[in-house]
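A short worksheet on the structure shown next.
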There are 2 protein chains.
Amino acid sequence: MKPKKKIAIQGWPGANHEIAAKAYFEEDNLEMIPCLTFPDLFQTLKEDRSIYGIIAIENTLVGSILQNYTMLKDSDLVIIGEYKLRIKHQLMALPGQSIEDIREVHSHPMALAQCEEFFKDYPHIKLIASEDTALSAKLIAEEKRTGIAAIASELAAEMYNLNIIASGIETNKRNYTRFLVITDRALTETDELLEQDRINKSSLVFSLPHDEGSLSKVLTVLSFYNINLTKIQSLPIVGQEWEYLFYIDLTFNDYKRYLQSLDAIRPLCKKLKILGEYEKGKQSYPIPNGNTIEIANHE
Amino acid sequence: MKPKKKIAIQGWPGANHEIAAKAYFEEDNLEMIPCLTFPDLFQTLKEDRSIYGIIAIENTLVGSILQNYTMLKDSDLVIIGEYKLRIKHQLMALPGQSIEDIREVHSHPMALAQCEEFFKDYPHIKLIASEDTALSAKLIAEEKRTGIAAIASELAAEMYNLNIIASGIETNKRNYTRFLVITDRALTETDELLEQDRINKSSLVFSLPHDEGSLSKVLTVLSFYNINLTKIQSLPIVGQEWEYLFYIDLTFNDYKRYLQSLDAIRPLCKKLKILGEYEKGKQSYPIPNGNTIEIANHE
């Protein structure tokens, strides 16, 4: 039997990071390593180079998770894949409890904020911030706490035998998170993790002087090489008023042509760094009745 | 005496939106209209066209507030100014209380999340999500609640006579928020709110087909007209896999040249909308001892 693949996830088992990890790796032989915060996750990967990591990088409601971009840029880790997940928040409690029994709801502050509207109809319920969505579910189950509900995923409800008392309570249903799969850069250089002909996406970061036209030159050169831009985000460098960081995602059909385009833009950029070259991701698409189905993404 | 200028703010009096509003308008004759949520604020401005609004639009830690970009794009409101504020979170309670007395801390989920590290040293303290930072402070003062602290601004501590028991408890000190001042578009067309020769910044939104080079064409044309790009953010249009929205901020020295550049890019964009033309903002800069001073921003 193959050894288990170890995956560091942010949050406890049953949190969205585990759902994304399972969907991405499509195999059962996985060992999840829960990390309470993103800095903890980066530290875990630094200490054991054989571990893969999965991190949320952007969400359709709150935008990019800038902290993760910064840690990725400053690390020796590299992106080897991506997965897009529709986020659905479920309200869960011990079996037998109904919404009228609930006095407190525990969850991560971000999940509480995304469900604020729902709780306006229940002003008697106190919203309590916890370290993690799935951990809140786990504690209710373990300590058999009545009167308390958690906001967490369907997977968490299953794992901890809780009852879903309200489903899809997020205010905005267009709630998607894009996850990146990361690993040690040295590993990808020795192991051929992905055949070159399957690479069709890349994430870069570079800085540019704050000159008129410096970004347009870079993008024009990329377009001459038939490289597609699927994301761009500028970030002022705090304390350096005149310099900007740009995070961009590119897609392409011809890997060699893409390498040539990098050579062409390198002299125009400062500190160009390739954050990863990988295969465009699968995603969980919404279907009209509000459920999601897993289909491959053939953009 | 002039009638009071009415300003809709998100949050209760004493929240960061009020601090930004006072710093921007630089006058005392202001009447703050607290709105609990951003959608409430947009509704308030829709119902009374004489009210100004102030909204957070981006933060150095969490990135752009995409919801506000969307509501702005879909409204008849226009940006007339901006202000950048360093965000400092203070822990406050009734006079005489110390950190050892505190069992619960109440604040907005975002503020709780930004101070998570601080509370790791105080595992006995329960973090409770509230609707607003300043409202949490107000309730402690009004109900004379001991054992409870709030995370809110220095202004809130002053207004509600609370004692600051820990100052600057945010995990990351590079915490800046950019606020936009908005008003009815029709108002700016009749009233000359700002002399043309003081306009040196503009915010635009447009969509582009997902073609190689469509963005580089637009940016190249802008650079031919000596227009500077100070921010760019792409946003996939959910449900329209092949179309993207771009939010950009431009700065320039010559207003007429800027108008010509808009004419030049209009045929290249779909649905170009000017979100506002205004004067580059002031900001509260950090100085080495960690305090902030108000100075004009002469980029």
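In region B:40-60, of all residues being touching a residue at least 60 places away in the same chain (Cβ under 8 Å) and within 13 Å of the chain's Cα centre (by Cα), the one that is nearest to the other protein chains (Cβ to nearest Cβ) corresponds to B:60.
Of the numbered criteria (1) surrounded by 17 or more Cβ atoms within 10 Å (Cβ to Cβ); (2) within 13 Å of chain A (Cβ to nearest Cβ); (3) out of contact with any helix residue (DSSP H, G or I) (no Cβ under 8 Å at 6 or more places or on another chain), the one residue B:109 fails is (3). For residue A:142, the conditions (1) at pLDDT 95 or above; (2) open to solvent by 70 Å² or more (accessible area, probe 1.4 Å); (3) touching a Ser or Thr at 6+ places or on another chain (Cβ under 7 Å) all hold with the exception of (3).
In region A:16-34, the qualifying residues are those that are in a helix (DSSP H, G or I) and of a type outside the set (D, E, K, R), and the one that is farthest from residue A:4 (Cα to Cα) is A:16.
From the list B:214, B:167, B:223, which one is within 14 Å of another protein chain (Cβ to nearest Cβ), touching a residue at least 24 places away in the same chain (Cβ under 8 Å) and open to solvent by 10 Å² or more (accessible area, probe 1.4 Å)? Before you say what the answer is, go through the steps one by one.
Numbers: B:167 fails: within 14 Å of another protein chain (Cβ to nearest Cβ); B:223 fails: touching a residue at least 24 places away in the same chain (Cβ under 8 Å).
Result of the check over B:214, B:167, B:223: B:214.
Counting only residues that are closer than 25 Å to residue A:8 by Cβ and among the small types (Gly, Ala, Ser), region A:128-185 holds 11 of them. The single condition from (1) farther than 21 Å from residue B:233 by Cα; (2) modelled with pLDDT of 90 or more; (3) polar (S, T, N, Q); (4) open to solvent by less than 20 Å² (accessible area, probe 1.4 Å) that residue A:284 fails is (2). A residue that is at pLDDT 95 or above and either touching a helix residue (DSSP H, G or I) at 6+ places or on another chain (Cβ under 7 Å) or surrounded by fewer than 20 Cβ atoms within 10 Å (Cβ to Cβ) (or both) cannot be found anywhere in region B:185-193. When each of A:80, A:54 is tested for being open to solvent by less than 40 Å² (accessible area, probe 1.4 Å), aliphatic (A, V, I, L, M), at pLDDT below 95 and under 18 Å from residue A:20 (Cα atoms), the lone residue that passes is A:80. Looking at region A:14-31, which of the residues that are farther than 16 Å from residue A:85 by Cβ and touching a strand residue (DSSP E or B) at 6+ places or on another chain (Cβ under 8 Å) is surrounded by the most Cβ atoms within 10 Å (Cβ to Cβ)? Here the answer is A:30.
Considering only residues in region A:118-139 that are at the interface with chain B (Cβ under 9 Å from one of its Cβ atoms) and open to solvent by 50 Å² or more (accessible area, probe 1.4 Å), the one that is nearest to the chain's Cα centre (by Cα) turns out to be A:131. The conditions are (1) within 14 Å of another protein chain (Cβ to nearest Cβ); (2) touching a helix residue (DSSP H, G or I) at 6+ places or on another chain (Cβ under 8 Å); (3) hydroxyl-bearing (Ser, Thr, Tyr), and residue A:83 fails exactly one of them. Which is it? Just one mismatch for residue A:83, condition (1).
Being within 17 Å of residue B:248 (Cα to Cα), at pLDDT 95 or above and not in a loop (DSSP other than H, G, I, E, B) holds for only one residue in B:229, B:180, and it is B:180.
The values are calculated or read from the model by the stated rules, or taken from the named source; none is laboratory data. Predicted model, so just to flag it, every value in this text is computed and none were measured. Note that each Cβ is placed from the backbone with ideal geometry, even for glycine, and that neighbours are counted across all protein chains shown. Just so you know, the surface numbers come from the protein's heavy atoms only, side chains and all, with ligands and any DNA or RNA stripped out. Shrake-Rupley method; radii C 1.70, N 1.55, O 1.52, S 1.80 Å.
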